[in-house]
Structure formats: structure tokens, C-alpha cells
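As C-alpha cells, the structure follows; a few thoughts come after it.
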Number of protein chains: 2
Amino acid sequence: MKIQRYKHELGVSYTLGATLTYELINCAPESVTRIFVSPSADVGGSEGISRLLERCRELGLPVEEGDKAFHILSPKGNCFVIGEFRKTEKRLSPGMHLVLVNPSDAGNLGTIIRTAAGFGIGNIAIIRPGVDSYDPKVVRASMGAAFHVAVEYFQSIENYRERFPENRLYAFMLSAPVPLTETERQEPCSLVFGNEATGLPDGYKSFCQPVVIRHSGKIDSLSLPMAAGIAMYEFTKDRWRGGI
Amino acid sequence: MKIQRYKHELGVSYTLGATLTYELINCAPESVTRIFVSPSADVGGSEGISRLLERCRELGLPVEEGDKAFHILSPKGNCFVIGEFRKTEKRLSPGMHLVLVNPSDAGNLGTIIRTAAGFGIGNIAIIRPGVDSYDPKVVRASMGAAFHVAVEYFQSIENYRERFPENRLYAFMLSAPVPLTETERQEPCSLVFGNEATGLPDGYKSFCQPVVIRHSGKIDSLSLPMAAGIAMYEFTKDRWRGGI
């Protein structure tokens, strides 16, 4: 089977690095198609790599040794294990959601997925256009949390609202009159964030409750992952009161 | 004057890009030594660049046109304005501080500085060894907030405590018994965070109040900028209650 640089159109994506590939094997073994090991990998000396290969044997996953996958997928040469896995379409379950409208940065999306998994939010809606959640950069920045969170794409916010009419929508925008600290939280709900550079259109105020995370005038805005992280923390913090 | 790639030993650092250089000129004009403009810059067509050059004329800042600085400092070639500025040693003022013990990632430090400025925390202590806060990568990731925040380096946490004995120290660590949501906040205080990979040594519990930001077992930990951002939000949120 041919190895190609990742493209949105491909049916597979990749985990670059031993730690991330180990997460893939443990969280989503049924999706793994192949594991590539570099001839330069220190199989005997690296505990991580030998443990990973043992796990592949246990699960009966195909392991291929060779340079080629690394030349194509990791030209910088600081990676010795790559996992190849089938992409699957996911559907959101009812409950608390994060809704990202036109997110454009792969690293940001990965960080957000990691934080969402951390706060027990397992469902993220992306309103198109938006960065591809299977991009290897997203998977890497999520540090494997991408295998714990369902990401579903919607053509428009209207499509999303039709599927989840019971969710109360909170739209995070700088021009909102009410701060997060004074916002009454109702569930099920959706925390809605706009694009990194442009935020949410003003029209969202007509069908969402607008919320602002107040900050000083020394910065234009918090970064998107930071704003989303603080909102997720605030909306879920009662869940962790008794311990986990 | 020679142009060199940034090194910690140099007396100057650089802002790469027009927006960041504009922040430099407005926030710290006294520190600016030169502004470089690329011959490929669209001076007439770019509003940002022409506004920046006008501001340089008003302030009497020297502007040099030429390729050389760009070849050395921004080899990727997607940058048309560079600011050169003198580094100054800063000293913390009393009050609420963020204390970073051995932070290692430049992008993370920049993000943390941006968030600190956003929540009105103008003082960050770094316990050595730690990443250089004047590294152009830090300045860029801070999006200019580096010009609003004082960063001071200390040889050890003991040195820091001797200077600020009145500050109550909160040490953020996964093994802390009390969650952030149940922590009583006293001021003046210091929010203390460890290295990205290793966290804080257990010994910090003997002189700090340990605090944990509870999260699910789906992730090992929140990222350092996310944990610091959530802590800063929680410790300062009463300040913004009445608006800003």
C-alpha cells in the first residue's frame, strides 16, 4: 500500500512518534492499519519503542521496517515510529459540547481537544470551513486526546442547532455585556467560539447567550485555546468537586 | 553595527513582523535601537507598514532599508519589518506574582506572558535554569505583551522567597490534596508552576500551599500555559467584576 503525505482526501492519517503511536494502539487499536519503525530506531535501547512493539505483537498489528515512510511523513528525521490509522466519521452524543466556528489553526485545535478531554467534554462540533481534525499536526498537539474526543463537522450553525435544539448556546465574544463569572450555567449547553482572528459574528447574539471573559486592556484578546480552556474549566468545575 | 542571530549573550533582541514591531515602538520606544525594513516590503500598499514608518519618523527612530537583517534573522522570508531593541534587566514589584520554575519552552512562556498581561499580573519570576524571556520566539508568542510584563530571574526559589517573604505561595501540582475550586485565596500571593515535563518537586509542599486543577484521567495533565491561565483567571476574577 502506497504511503502519501497527509491530505484531507486520504482515508488514513498518521501518528508521528513513539509516545503518540502508543496512545493510538491503546485507545483505538481497531483503527490501526500499519506501524512503521525506522531502521535508525534504537529498538533494544529504547524502553518506549520495545514496549510498543511488544504491544503490536500482542494485538497482531502489522509492523513494517523501512526508511520510506519517514522520508515522506517526517522529513526532519527526529521520529522513529509512525502509526497509520483509518479515519472514521464521528457523531456527537447529546450533552455538553464545544462548538468551534471556522477554527483555522491545527496546533490550537489539538490543544483544545486535549483540554476538552481533560475536563470531560467528549464532543466537539466544528462549523465549516475549519481545520481538519485528522491532520497529523492536530493529533500530535492533542497528545493523543484526539482518540478520546468525537469531532463532528457541520455545514452551518443552523444545521448544528437543528440536531441539538435542547442545548443552550453560550457565545464567547468580546462585546458581550455579561462576564463568565456572572453567567448562570444551564445544561445541556454548548460553548461557542469563533475563529482565531475574527471571533464570532455579531448575529450570534440573536440565538446565543453572549458571554465575555473579562481581561485588562493590555491585550486584544486571550488566545482561542486559552479562552476555550477557561470556559470549559468554569462550566465543568462542579463535576470534579468530590474527586475523580 | 553588526547584525547577529539572537543569542542570550547579546545586549539586543528583535521583534519579527510589522504588528509586533508596532507594539514595540508604542510600548517601549526608548529601548528601540533600529528598525529594519525589507526592500520587498510593500510600503505604499500596506497600511500597517506605512503607519509604522510614520510613527518611526515622529519618534525619530532610525530606519534602515536592506536585505541583510532579514537573511540573518528571518530566513523563511515571510517578514518585512524587524525591530531591534536593547534588553533591560527588570525587577519585580510587590504584589501578585507568577513564579515559573525551570520553564523550557519559548512558545509556552510567550503565551503565559500574554495571558498574565490579560489578567493584570505584571510580574513573573523565573527560577533558573529557564528559557530566555528575550528570545524573539518568546516576544513573538507574547504578541507584544512582553513589553507590559516584568520578568525577573532568580538563582533559586530561596532567593525569590527572601525577596518576597510576605507572599503566600500556591504550588500547582497534580499530587495536591486540595483543588483550586476549594482553595482560599489570600493576597499578596505567588502562583508557582514547575517545568513542562517534570512539574514541581515534592519538596515544594513544605513551604507552599499545594493546589491541583482537577481533571479527568483521559489526559496526563493540562499544558503549562493552560494550567497557569486557569489559575490566573481564578485568582484575579474578582478584579474584573465591575468592568475594566
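The values are calculated or read from the model by the stated rules, or taken from the named source; none is laboratory data. Small disclaimer: the values here were computed from a predicted structure and weren't measured. Cβ: placed from backbone, ideal geometry, glycine included. Neighbour counts: every protein chain shown. Just the protein is used for accessible areas: all its heavy atoms, side chains included, with ligands, DNA and RNA removed. Shrake-Rupley method; radii C 1.70, N 1.55, O 1.52, S 1.80 Å.
Odds and ends about this structure:
- Cα-based convex hull, the protein assembly as shown, per residue volume (Å³, whole number): 181
- A Gaussian network model of chain A, with springs between Cα atoms under 10 Å, assigns the largest mean-square fluctuation among A:Phe193, A:Phe147, A:Phe207 to A:Phe207.
- Protein heavy-atom accessible area occluded, A/B pair - total, 1.4 Å probe, Å²: 2900
- Nearest-ten-degree value, helix A:18-27 long axis tilted from longest Cα axis of chain A: 70
- Heavy atoms of A:Ile35: accessible area, 1.4 Å probe, square angstrom to 10: 0
- For the stretch B:12-86, the solvent-accessible area with a 1.4 angstrom probe is 49 square angstrom per residue.
- Relative contact order computed over chain A (Cα-Cα under 8 Å; 6+ residues apart), in percent: 19
- Of all accessible heavy-atom area on the stretch B:52-202, the percent that carbon and sulfur account for (1.4 Å): 48
- Comparing A:Leu224, A:Leu200, A:Leu59 in a Gaussian network model of chain A, where Cα atoms under 10 Å apart are tied by springs, the biggest mean-square fluctuation is seen for A:Leu59.
- Restricting the stretch B:119-169 to GluC sites (Glu not before Pro) in coil, as DSSP defines it, with at most 10 other Cβ within 10 Å: B:Glu166
- Extents of the stretch A:61-135, largest first, come to 44, 27, 22 Å (Cα atoms, principal axes, whole angstrom).
- Per residue solvent-accessible surface (Å²) - the stretch B:113-155, probe of 1.4 Å: 30
- Ellipsoid equivalent to the stretch A:12-86 - semi-axes via the Cα gyration tensor, in Å: 17, 15, 10
- List of the stretch A:177-218 residues, accessible area with partners at least 30 Å² below that of the chain alone (1.4 Å probe): A:Thr181, A:Glu182, A:Arg214, A:His215, A:Ser216, A:Lys218
- Each residue was assigned an accessible area with a 1.4 Å probe, and for B:Asp202 the value is about 100 Å².
- Considering only Cα atoms, the convex hull volume of the stretch A:1-126 works out to 132 Å³ per residue.
- Computed log₁₀ I(q)/I(0) - Debye formula, equal Cα scatterers, no solvent, the stretch A:118-244, q 0.18 Å⁻¹: -1.16
- Rounded Å value of the spacing that divides the Cα centres of the stretch B:182-222 and the stretch B:30-67: 44
- Ascending list, in nanometres, of distances separating the B:Arg5 label from those of the other copies (7 Å, Cα toward Cβ): 2.4
- Shape parameters for chain A, alpha-carbon atoms, Rg then Dmax in Å: 19.9, 61
- Extension gain for A:Glu184 to A:Glu58 (0.36 nm times residue separation, less C-alpha to C-alpha distance): 40.4 nm.
- Label zone at B:Glu196, where the point sits 7 Å out along the Cα-to-Cβ direction: the stretch A:206-239 residues whose backbone N lies under 17 Å: A:225-226
- With each label modelled as a point 7 angstrom along the Cα→C-beta vector, the A:Ile72-B:Arg128 pair spans 4.9 nm.
- The stretch A:52-89: trypsin sites (Lys or Arg not before Pro) in DSSP loop, at most 14 other beta carbons within 10 Å: A:Lys76, A:Lys87
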